[in-house]
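Asks: Have a look at this one before I ask anything.
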Amino acid sequence: MNTEQPSSTPEINSASADPVDQVIRYHIQTKHHFNRYARSLGFLDWANQPDPFRRFAGAPLIPLPLLRLDEEPLSPAYDAIYQAGAVSPQPVTIRTLSRFFEYALALSAWKKAGESEWALRNNPSSGNLHPTEGYLVLPEIEGLDLTPGLYHYAPKEHGVELRAEFSAEQVARLLAPFPPGAFLFGLTSVHWREAWKYGERAFRYCNHDVGHAIGTARFAAATLGWKVALLDGVEQNTVALLLGTNRVDDFTDVETEHPDCVAVIWPHESVKRETLDVKYVDAEIPLFLNAADVKALSAGIWHGKANRLSREHGVHWDVIDQAADASWKLSCERTVLSVASPQTPHVSPFTSDVGPLAGQIIRQRRSAMAFDGRTSISASTFYGILQRVMPYAERMPLDRPMPWDVWPYDPAIHLMIFVHRVDGLTPGLYVLVRDQAKLPLIREVLSQELTWTKPDGCPENLPLYWLLEGDARRAAIQVSCDQAIAGDSAFSLGMLAEFEGRLRQAGAWFYPRLFWEAGLLGQVLYLEAEAAGVRGTGIGCFFDDPVHEMVGLKSLLFQSLYHFTVGGPVEDRRLMTLPPYGHVKREA
């Protein structure tokens, strides 16, 4: 597997004002190469390390209850959250919102080495820098003693800050098209948190983390029997207005937040027809918000000023701002999707299902720092992991398996897999085509010297193909910035995204969505690794074009966006692990 080839990335007109050309230019500029890395500061400016916790001074903080795993709402079994109708929908209460935020964005532990301490979270983040901020828009809900309004989640305190008070009638009007009990969940990014370490490549990593957070939110909702739909028809100025990121006075002289996305979440309950045969009706979910209703909401009473995260910034990476501006979504698509209600009654997972609890798997997720170079997994485990990353593109988005029901697009990412230690599989290079309809295209653009062979024992509905036989460990390490974790694992992979064609078709605003899909994929792999008794970690540093050249890609039709690796972890015993909320005291 020779990777010593010159770059073959086509040039893009550097003077073009076309937003698609601009994001492609950003992507090309921020590639790592064997002879040079993408630009960054070159060292870690520890004196100006960003505060990982955003707070809004003057915004009331409402503590959320700190719940043990054996407290209500109880966690279903991990496998149950993948079974339609297996988890009974929970009402929206302060306890269920607490559990939702715990599994989605909360701290999972503190690590301590000498005098240094740092927090880990349930949502993965590049470099553990956590650029992603979470928000709720809550209506008036019976049994939920919270003012209708916009809330910012404070993970260190495990509480929500009231950023804005909204009229109950206006929120009800905004949410009227959605099922009863629906509320909104929003995500923003502080680009500086990643740029501090990663320089110009940070815009990529921030969007990976948005995808991770979409994934953690979908898994958190699934443990409560809730559905999630990404409202990606919304124009981005509307997202900014709703989440308050456009409020200049609230971010004076501090790091701003980039408005990324909004999703709707609701308890998924069946609605019976008034007929004797008692069938279930379908629901229609709009993937957009009424911009006039959002504008009316924004006139509410606002609270709080954002804290400053770093004393000084040193280098400002203009190229990140340019990419963010070029990919700003100006269109509003009034898309409506149908979702079928469950055809069978809900089955409680607490009596019939076995295996680890979903909450246990979510809480124990970590990014592996090193692998032992020995641990293998069975072929059946490997195939099971790959089954979970399949979105089944032929189905309507909201009827796809969890968590792919949150993703309103046909899959754009396929997996180039380096198999090292999978019992029953020949080591080598494989490809998983996540959308069967794209198989002819992928076969056409990859090297014609590759062998497309279905592995023995591979499930018939799993489009996995063996391309090259041989020890792939050295090649995996080399193209992953010489990181041993890519070869010491059971398998590693690169996520190949349908790139220029998708961008030309949809627009430059789709560029971040490619990374969101990659991050969502990463979260599935993280949890599947934990459930299999091993561990995973994302790899954001890789040599872009050498990855493409391994399989003969010579154009921008496909680009590698994210690498991932799964294996037997080596624990660093020098580090002490502390509980996530030992520093928080709640009144009994």
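Asks: From the set of residues in the stretch 285-304 that are among the β-branched types (Val, Ile, Thr) and farther than 16 Å from residue 186 by Cα, which is modelled with the highest pLDDT?
Replies: Going through the stretch 285-304, the residues among the β-branched types (Val, Ile, Thr) turn out to be 285, 294, 301.
Applying the additional criterion that residues be farther than 16 Å from residue 186 by Cα yields 285, 301.
Values: 285: 92, 301: 97.
Per the criteria, the residue is 301.
Listed here are the residues, each with its yes/no results for (1) farther than 30 Å from residue 283 by Cβ; (2) under 20 Å from the mean Cα position of the chain (by Cα); (3) basic (Lys, Arg).
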{"residue": "387", "(1), (2), (3)": "no, yes, no"}
{"residue": "462", "(1), (2), (3)": "yes, no, no"}
{"residue": "474", "(1), (2), (3)": "yes, no, yes"}
{"residue": "486", "(1), (2), (3)": "yes, no, no"}
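Asks: Can you report the number of residues in the stretch 397-437 which are closer than 20 Å to residue 459 by Cβ and either assigned to a helix (DSSP H, G or I) or outside the structural domain of residue 548 (by TED's automatic domain parsing) (or both)?
Replies: Of the residues in the stretch 397-437, 3 are closer than 20 Å to residue 459 by Cβ and either assigned to a helix (DSSP H, G or I) or outside the structural domain of residue 548 (by TED's automatic domain parsing) (or both).
Asks: In the stretch 298-321, how many are part of a loop (DSSP other than H, G, I, E, B), of a type in the set (A, V, I, L, M, F, W, C) and surrounded by 13 or more Cβ atoms within 10 Å (Cβ to Cβ)? Lay out the reasoning, then the answer.
Replies: Restricting attention to the stretch 298-321, the residues satisfying the condition of being part of a loop (DSSP other than H, G, I, E, B) are 298-300, 303-304, 307-317.
Next, from what is left, pick out any that are of a type in the set (A, V, I, L, M, F, W, C): 299, 309, 315, 317.
With the extra rule that they be surrounded by 13 or more Cβ atoms within 10 Å (Cβ to Cβ), the set shrinks to 309, 315, 317.
So the answer is 3.
Asks: Condition test on residue 271, is it modelled with pLDDT under 95, in the same structural domain as residue 184 (by TED's automatic domain parsing), of a type in the set (A, V, I, L, M, F, W, C) and more than 22 Å from the chain's Cα centre (by Cα)? Break it down stepwise before answering.
Replies: Values: modelled with pLDDT under 95: yes; in the same structural domain as residue 184 (by TED's automatic domain parsing): yes; of a type in the set (A, V, I, L, M, F, W, C): yes; more than 22 Å from the chain's Cα centre (by Cα): yes.
Judged against the criteria, residue 271 is a match.
Asks: Residues in the stretch 555-568 that are closer than 26 Å to residue 204 by Cα and surrounded by fewer than 23 Cβ atoms within 10 Å (Cβ to Cβ): how many? Talk me through it step by step, then tell me what you get.
Replies: Our first condition is that a residue be closer than 26 Å to residue 204 by Cα; within the stretch 555-568, this holds for 555-567.
Checking which are surrounded by fewer than 23 Cβ atoms within 10 Å (Cβ to Cβ) leaves us with 555-557.
Counting residues in the stretch 555-568 that are closer than 26 Å to residue 204 by Cα and surrounded by fewer than 23 Cβ atoms within 10 Å (Cβ to Cβ) gives 3.
Asks: Next up: Filter the helices (runs of 4 or more DSSP H) completely within the stretch 117-235 down to those with at least 3 residues that are touching a strand residue (DSSP E or B) at 6+ places or on another chain (Cβ under 7 Å). First the steps, then the outcome.
Replies: Numbers: elements: 168-175, 191-198, 202-222.
Those helices (runs of 4 or more DSSP H) span 202-222.
Asks: Within the stretch 370-396, how many residues turn out to be in a loop (DSSP other than H, G, I, E, B) and touching a Cys at 6+ places or on another chain (Cβ under 8 Å)? Don't jump to the end; show me each part of the working.
Replies: Keep residues of the stretch 370-396 that are in a loop (DSSP other than H, G, I, E, B), which gives 370, 372-376, 389-396.
Then drop every residue that is not touching a Cys at 6+ places or on another chain (Cβ under 8 Å), which leaves none.
Residues flagged as in a loop (DSSP other than H, G, I, E, B) and touching a Cys at 6+ places or on another chain (Cβ under 8 Å) within the stretch 370-396 amount to 0.
Asks: Can you find, within the stretch 108-130, the residue that is surrounded by the fewest Cβ atoms within 10 Å (Cβ to Cβ) among those that are in contact (Cβ under 8 Å) with a residue 40 or more places away in the chain and either more than 22 Å from residue 581 (Cβ to Cβ) or among the basic types (Lys, Arg) (or both)?
Replies: Filtering the stretch 108-130 for residues that are in contact (Cβ under 8 Å) with a residue 40 or more places away in the chain and either more than 22 Å from residue 581 (Cβ to Cβ) or among the basic types (Lys, Arg) (or both), the one surrounded by the fewest Cβ atoms within 10 Å (Cβ to Cβ) comes out as 112.
The rows are residues; the columns are (1) among the charged types (D, E, K, R); (2) within 27 Å of residue 367 (Cα to Cα); (3) surrounded by fewer than 23 Cβ atoms within 10 Å (Cβ to Cβ); (4) not assigned by TED's automatic domain parsing to the domain that holds residue 563.
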| site | (1), (2), (3), (4) |
| --- | --- |
| 206 | no, yes, no, yes |
| 217 | no, yes, no, yes |
| 222 | no, yes, no, yes |
| 230 | no, yes, no, yes |
| 234 | no, no, no, yes |
| 241 | no, no, yes, yes |
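Asks: From the list 552, 494, 540, 533, which residue is among the small types (Gly, Ala, Ser), surrounded by fewer than 24 Cβ atoms within 10 Å (Cβ to Cβ) and over 27 Å from residue 220 (Cβ atoms)? Talk me through it step by step, then tell me what you get.
Replies: Details: 494 fails: surrounded by fewer than 24 Cβ atoms within 10 Å (Cβ to Cβ); 540 fails: over 27 Å from residue 220 (Cβ atoms); 533 fails: over 27 Å from residue 220 (Cβ atoms).
Exactly one of 552, 494, 540, 533 is among the small types (Gly, Ala, Ser), surrounded by fewer than 24 Cβ atoms within 10 Å (Cβ to Cβ) and over 27 Å from residue 220 (Cβ atoms), namely 552.
Asks: Considering only the stretch 46-73, how many residues are over 13 Å from residue 152 (Cα atoms), surrounded by 15 or more Cβ atoms within 10 Å (Cβ to Cβ) and among the aromatic types (Phe, Trp, Tyr)?
Replies: 0
Asks: Next up: Give the residue that is nearest to residue 194 (Cα to Cα), with candidates limited to residues of the stretch 236-260 that are of a type in the set (Ser, Thr, Tyr) and part of a loop (DSSP other than H, G, I, E, B). Before the answer, list the steps.
Replies: Our first condition is that a residue be of a type in the set (Ser, Thr, Tyr); within the stretch 236-260, this holds for 238, 245, 252, 256.
Add one more test, that the residue is part of a loop (DSSP other than H, G, I, E, B), and what stays is 245, 252, 256.
Details: 245: 18, 252: 20, 256: 13 Å.
Among those that are of a type in the set (Ser, Thr, Tyr) and part of a loop (DSSP other than H, G, I, E, B), it is 256.
Asks: Right, another one. Could you list all residues from the stretch 446-477 that are surrounded by 14 or more Cβ atoms within 10 Å (Cβ to Cβ) and closer than 17 Å to residue 411 by Cβ?
Replies: Scanning the stretch 446-477 gives 462, 463, 464, 465.
Asks: Now for a separate question. Just to check your reading of the model, which residue among 283, 291, 324 is surrounded by 18 or more Cβ atoms within 10 Å (Cβ to Cβ) and touching a Ser or Thr at 6+ places or on another chain (Cβ under 7 Å)?
Replies: 283
The values are calculated or read from the model by the stated rules, or taken from the named source; none is laboratory data. All values reported here derive from a predicted model rather than from experimental measurement. Don't worry about glycine lacking a Cβ; one is built from the backbone with ideal geometry, like all the others, and counts go over all protein chains shown.
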